1. Could you list, in sequence order, the residues of region 101-110 that are over 15 Å from residue 61 (Cβ atoms) and either in contact with a strand residue (DSSP E or B) (Cβ under 9 Å, 6 or more places away or on another chain) or assigned to a helix (DSSP H, G or I) (or both)?
2. Residue check: is residue 114 in contact with a strand residue (DSSP E or B) (Cβ under 6 Å, 6 or more places away or on another chain), at pLDDT 95 or above and more than 25 Å from residue 147 (Cβ to Cβ)?
3. Quick test of your reading of the structure: residue 114 fulfils all but one of (1) outside any strand (DSSP E or B); (2) over 19 Å from residue 17 (Cβ atoms). Name the failing condition by number.
4. Determine whether residue 59 is over 24 Å from residue 11 (Cβ atoms), touching a strand residue (DSSP E or B) at 6+ places or on another chain (Cβ under 9 Å) and touching a residue at least 60 places away in the same chain (Cβ under 8 Å).
5. For residues that are under 24 Å from residue 118 (Cα atoms) and surrounded by 14 or more Cβ atoms within 10 Å (Cβ to Cβ), tally how many sit in region 32-70.
6. How many residues, within region 71-104, are touching a residue at least 40 places away in the same chain (Cβ under 8 Å), surrounded by fewer than 18 Cβ atoms within 10 Å (Cβ to Cβ) and either under 12 Å from residue 14 (Cβ atoms) or out of contact with any helix residue (DSSP H, G or I) (no Cβ under 8 Å at 6 or more places or on another chain) (or both)?
7. Quick one: count up the residues across region 31-52 that are outside any loop (DSSP other than H, G, I, E, B) and either more than 15 Å from the chain's Cα centre (by Cα) or under 21 Å from residue 126 (Cα atoms) (or both).
8. Please pick out the residue among 55, 136, 107 that is more than 11 Å from the chain's Cα centre (by Cα) and under 24 Å from residue 31 (Cβ atoms).
């Protein structure tokens, strides 16, 4: 597949990830979680890296690059957006929106994701792009034991771009 620049950012490149990208993907996740309005990560960086490496082939993995540097990624299956993280220094400039638009294009029949209830910025990001809140939980089923909610991009939705 040809790399794309769906956000209109001339320096942004979206491409399928390779196993060699896993250390950079893990670093983006750890850095983004550290500053996000969500419970602190409960896994050390090496555990995050090992998990992503072990599960690499079980989902699609795409990276966003700027000047050859991984600045964001999305990991998703047919029904779920498992991860969408953007390097803190590149948030708010369209990287996350470009990755989300990619997931929508690859799964036009819809998908769901989980987000922590306290993560108001992420909830607003997804809501502004057409996702709707469908289910709230007390967090008993997630590792952090923090209330979360399932958001869904329904079929036929028209999500905005960043």
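1. Correct list: 101, 104, 105, 110.
2. no
3. Checking residue 114 against (1) outside any strand (DSSP E or B); (2) over 19 Å from residue 17 (Cβ atoms), the one that fails is (1).
4. So residue 59 fails the test.
5. Residues that pass the stated criteria total 9.
6. Result for region 71-104: 1.
7. 11
8. That would be 55, the only listed residue that is more than 11 Å from the chain's Cα centre (by Cα) and under 24 Å from residue 31 (Cβ atoms).
The values are calculated or read from the model by the stated rules, or taken from the named source; none is laboratory data. Quantities reported herein were computed from a predicted structural model and do not represent experimental measurements. Note: ideal-geometry Cβ built from the backbone for every residue, glycine included; neighbour counts use all protein chains shown.
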